[in-house]
Amino acid sequence: MRLYADLPTRRFGQLLGDVAVLVLVYLAVRLGIAARDKVAALAGPGRNAEDAARRLQGQLHGAAGDIDNAPVVGGALAKPFQALSGASRDLASEAQAYQDAVAHLALFTGVLVAAVPVLLLLVVWLPKRVGWVVEASAAQRLVRGGPAAADLLAVRALARQPLRRLAGLGPEVVAGWQAGDPAATEALARLELDELGLRPWAGPSAPAAVEGR
């Protein structure tokens, strides 16, 4: 599998693009983490309220137990403290539920903030990168076959290369290809290889490489 081009300028551009994508993905992830932390900080008041409610519940529960031990009227006097202790317990539960909701919101926000730019980046970059790898790998297999495999690349060049590049070779190259001239065939094949940034095969009939875009 061919991951990078042979030609230095094209290979440098691919390496630079890959590094840029990795940096952007890293920055997006860091941004997502920062967004998650910002939202998670909203749970602070909930933690404080829960701690206060738990402490108050314990104090009221202890006071209710002490009062309940008092003779005659202890049970009656303890009931308000028991009710307040239950209310404090409910308040602590609500504070805990608030913290859970904030935690879920923080996680969702962080994932969303990180995932959206990463997905957009991959949608733009990944198909082109994978497409080049597939095309270059197939072309490399043809190159290993030597000049005999040039006909396939020449036909592809005639079918998809811009007219300005074909015109740059001159009409005699197309005529030579039609006549079965190996040099003309290789000249057309080199258009495809140069566009992919691949070095062509070596051969006595191989003409000078056409400079790629």
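If a residue has to be closer than 30 Å to LEU105 by Cβ and either assigned by TED's automatic domain parsing to the domain that holds ASP194 or of a type in the set (Lys, Arg) (or both) to count, how many in region 1-48 make the cut?
Selection size over region 1-48: 4.
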Worksheet item: Within the set of pairs 6+ apart or on separate chains, which have a first residue in region 81-109 that is charged (D, E, K, R), a second that is surrounded by 14 or more Cβ atoms within 10 Å (Cβ to Cβ), and C-beta atoms under 7 Å apart?
Response: ARG89/GLN57
Response to the item:
Of the residues in region 10-46, those that are free of Cβ contacts under 8 Å to residues at least 60 places away in the same chain, surrounded by 13 or more Cβ atoms within 10 Å (Cβ to Cβ) and of a type in the set (Val, Ile, Thr) number 0
Worksheet item: Of the residues in region 91-107, how many are aliphatic (A, V, I, L, M) and either over 18 Å from ALA35 (Cβ atoms) or modelled with pLDDT under 90 (or both)?
Response: 4
Worksheet entry | Any chance ARG144 is of a type outside the set (Asp, Glu), surrounded by 13 or more Cβ atoms within 10 Å (Cβ to Cβ) and either under 15 Å from ARG190 (Cα atoms) or without any contact (Cβ under 8 Å) to a residue 40 or more places away in the chain (or both) | no
Discussion item. Here is a list: PRO182, PRO200, PRO127, PRO162. Which entry is without any contact (Cβ under 8 Å) to a residue 24 or more places away in the chain and not assigned by TED's automatic domain parsing to the domain that holds VAL29?
Written reply: PRO162
Fill in: Selection within region 192-201 - modelled with pLDDT of 75 or more, buried (at least 18 other Cβ atoms within 10 Å of the Cβ) and part of a loop (DSSP other than H, G, I, E, B)
GLY197, LEU198
Response to the item:
Checked against (1) at pLDDT below 80; (2) more than 27 Å from LEU3 (Cβ to Cβ), VAL113 satisfies every condition except (1)
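The values are calculated or read from the model by the stated rules, or taken from the named source; none is laboratory data. Predicted model, so just to flag it, every value in this text is computed and none were measured. No Cβ is skipped: glycine too gets one built from the backbone with ideal geometry, and neighbour counts run over all protein chains shown.
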